[in-house]
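The values are calculated or read from the model by the stated rules, or taken from the named source; none is laboratory data. Remember, predicted model here, so these are calculated numbers, not experimental data. Because the Cβ atoms are built from the backbone with ideal geometry, glycine has one as well, and the counts that use them run over all protein chains shown. Quick note on the areas: whole protein, heavy atoms, side chains included, nothing else; ligands and nucleic acids left out. Shrake-Rupley method; radii C 1.70, N 1.55, O 1.52, S 1.80 Å.
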Amino acid sequence: MSADVRPIAASELPEWLTTLNTGFLTPATPTESDVAQRAAHSDLARVQGGFDPVTGRCVATFRSFTQELTVPGGATVPCSAVSNVTVLATHRRQGVLTRMMAAELAAARARGDVLATLIAAEYPIYGRYGFGPATSLAEWEIDVPRTGLDRHRPLPADGSRIDLVDAAEARRVGPALHERLRATAHGAIGRDDRWWALTTGLAEMSHRPYKQKMFAVYRTADGEVAGMAAYRADDHWTDAKVPQQTLYVTDLIAPTPSAERALWHFLCSIDWVLKVRTGYRAPDSLVPDLLPDPRAARLVTAADFLWVRVLDVVRALSARTYAVPGVLVLEVADPDGPAGGRYRLDAGDGTCVRTEEPADLRLDASALGALYLGEASAVRLAELGRVAGERPGAVELADAVFRTARRPWCPDMF
C-alpha cells in the first residue's frame, strides 16, 4: 500500500524533520532549537508528509512557502516555492511525490500563485511535473596573481571606498541593497528576515552551523551604500611558511556595474589571498571579463539552478516585458495541469489572452517554464524536439520575443 499523504500536525514536526534530514543524508535527529525555528517559520498547512499505512511512520516530506520572483521588466509575481522534498529509499516509486506535488500545485493555483518554483537537487525529476530549468549559474576560481589587477590600488580614483563592517551593520544595510538588485535582476527572489538572520549568524540550524564571515561595504564618493560582499577564507600555509589562502565569496550584492567591479577588485587585492572562489554567480557575470586577464578565472561550476512551473499562463506572460514586438499563439500541453490551452501573446503591448486561433507554436508546460525568464532558446528547444513551430518563422520569433539582454539569475538557494 502507498503512503498516506496529508498536511502534518504540529506534534509530527520532529518526526517530519528527522525524515527530512535522513532523506538529505544529514544528521537525522533535530534539536529542540531546530524544531522551534521550523515551527516559527513554517505554515504547517503547507507542510506535507507521507506516512506509511502500516507503521504510521513519516516516510516523505514536502513543504512550500510564499515567494516573490522578479520577471523581465522588473515586475514581481507571487509564487509557491517548493522545498524540503524527500521520499525515503524504502518508499520510492510508489507515487508519493506525485500526489504531494499534485496537491501543492492545485492549492497554489487556488491561492492565486502565478508560478511555482524550486531548486532541483536531481535533474530528471521535475520536468514531468511541468517545471523547466529557468536560470543557470556559474562559479569561477580566480588565480589572483595572474589577474593583472593593481592590488595596491583596488578602488577607482573617484572618491569611492570600501568599509569593513560587522554582521549587525551588514544586517542593517543588506536588505535595501538586495531590493535594489532584485528590482533589475530577473530571476531574483525576495529575502526575508530569517534569511538575513541565518546569513549573519543571528540564527543557525544544527545541521548547517554558521561559519563566521567578513563583510565589505562599497560606498560611492557621496557616502551612499552601493554594494556589499560577504566572504571567508581558509588558513593554508606552505611548508616554507608562505601564506596561500583561498577566499570564498558567499554573497556579493552589486546593483550597479561600478559596484561589482569595485568589489571584485577589492576581494582580489586582500593580502595573503592566492585564489578567490566567486560562489554561484550569474552565468554572464562581469567576472571574468572585468579582469585584465580573463584567463585568470577558471570556470569550476556551470549548471541549472532555479526551475519554474507556470500555473497561470495569462498572468505570467502578461507580467513580463519582451525584447521585440510580435504576436504568437502558443498551444501549451499540460495534461491534468492548470497551464493547458491556447494563448495569444502580443509582445508589443505585453498582453496575453486565451484564444481559439490556430497555434503558431506548440510546447509543453516544462518548455514554457524554461523559456519564461529568457534563459532557454526556442530555436534550440525546437531542435531538441521540445518546441514545434506550426508556421514558418514562428520558432525564430519566439526566440527573439522571450530572450533577454542579460541572462536570468537567482542568487539564492531555498
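Here are the numbers for this structure:
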quantity: Residue under evaluation Cys410, criteria (1) surrounded by fewer than 21 Cβ atoms within 10 Å (Cβ to Cβ); (2) at negative phi; (3) at pLDDT 95 or above, criterion not met; calculated: (1)
quantity: Segment 371-400: number of residues that are farther than 21 Å from Gly340 by Cβ, in contact with a helix residue (DSSP H, G or I) (Cβ under 8 Å, 6 or more places away or on another chain) and either open to solvent by less than 40 Å² (accessible area, probe 1.4 Å) or outside any helix (DSSP H, G or I) (or both); calculated: 3
quantity: So Leu291, is it over 25 Å from Val114 (Cα atoms), in contact with a Gly (Cβ under 7 Å, 6 or more places away or on another chain) and not in a strand (DSSP E or B); calculated: yes
quantity: Filter result (open to solvent by less than 50 Å² (accessible area, probe 1.4 Å) and more than 22 Å from the chain's Cα centre (by Cα)) within segment 277-292; calculated: Leu290, Leu291
quantity: Count of residues meeting criterion [over 27 Å from Leu105 (Cβ atoms), open to solvent by 60 Å² or more (accessible area, probe 1.4 Å) and not in a helix (DSSP H, G or I)] in segment 26-60; calculated: 4
quantity: Failed item in (1) crowded, with 19+ Cβ neighbours inside 10 Å; (2) part of a loop (DSSP other than H, G, I, E, B); (3) in contact with a strand residue (DSSP E or B) (Cβ under 6 Å, 6 or more places away or on another chain), with Leu368 passing the rest; calculated: (2)
quantity: Index of the failed condition, Ala296 passing every other in (1) open to solvent by 50 Å² or more (accessible area, probe 1.4 Å); (2) modelled with pLDDT of 95 or more; calculated: (1)
quantity: Positions within segment 220-248 being open to solvent by 10 Å² or more (accessible area, probe 1.4 Å), outside any loop (DSSP other than H, G, I, E, B) and among the hydrophobic types (A, V, I, L, M, F, W, C), in sequence order; calculated: Val225, Ala233, Trp237
quantity: Residue in segment 253-268 that is surrounded by fewer than 18 Cβ atoms within 10 Å (Cβ to Cβ), farther than 13 Å from Pro154 by Cβ, at pLDDT 95 or above and in contact with a strand residue (DSSP E or B) (Cβ under 6 Å, 6 or more places away or on another chain) present; calculated: no
quantity: Pick from segment 310-334, criterion open to solvent by 10 Å² or more (accessible area, probe 1.4 Å) and among the charged types (D, E, K, R), ranking: farthest from Thr404 (Cα to Cα); calculated: Asp334
quantity: Filter pass, Gly190 being open to solvent by 30 Å² or more (accessible area, probe 1.4 Å) and within 14 Å of the chain's Cα centre (by Cα); calculated: yes
quantity: Counted residues, segment 50-68 - those being farther than 14 Å from Leu88 by Cα, of a type in the set (A, V, I, L, M) and under 27 Å from the mean Cα position of the chain (by Cα); calculated: 0
quantity: Gly174 being in contact with a strand residue (DSSP E or B) (Cβ under 8 Å, 6 or more places away or on another chain), in contact (Cβ under 8 Å) with a residue 24 or more places away in the chain, in a loop (DSSP other than H, G, I, E, B) and not hydrophobic (A, V, I, L, M, F, W, C); calculated: no
quantity: All positions within segment 98-125 that are closer than 13 Å to Val5 by Cβ and not charged (D, E, K, R); calculated: Thr98, Met100, Met101, Ala102, Ala103, Ala106, Ala107
quantity: Selection within segment 122-148 - assigned to a loop (DSSP other than H, G, I, E, B), in contact (Cβ under 8 Å) with a residue 60 or more places away in the chain and open to solvent by 30 Å² or more (accessible area, probe 1.4 Å); calculated: Tyr123, Gly148
quantity: Selection count where residues are open to solvent by 20 Å² or more (accessible area, probe 1.4 Å) and touching a residue at least 40 places away in the same chain (Cβ under 8 Å), scope segment 86-98; calculated: 4
quantity: Near pairs, Cβ below 9 angstrom, 6+ apart or cross-chain, from segment 237-248 (under 22 Å from Trp140 (Cβ atoms)) to any residue that is of a type in the set (Gly, Ala, Ser); calculated: Gln245/Ala233; Thr246/Ala233; Leu247/Ala233; Tyr248/Ala233; Tyr248/Gly279
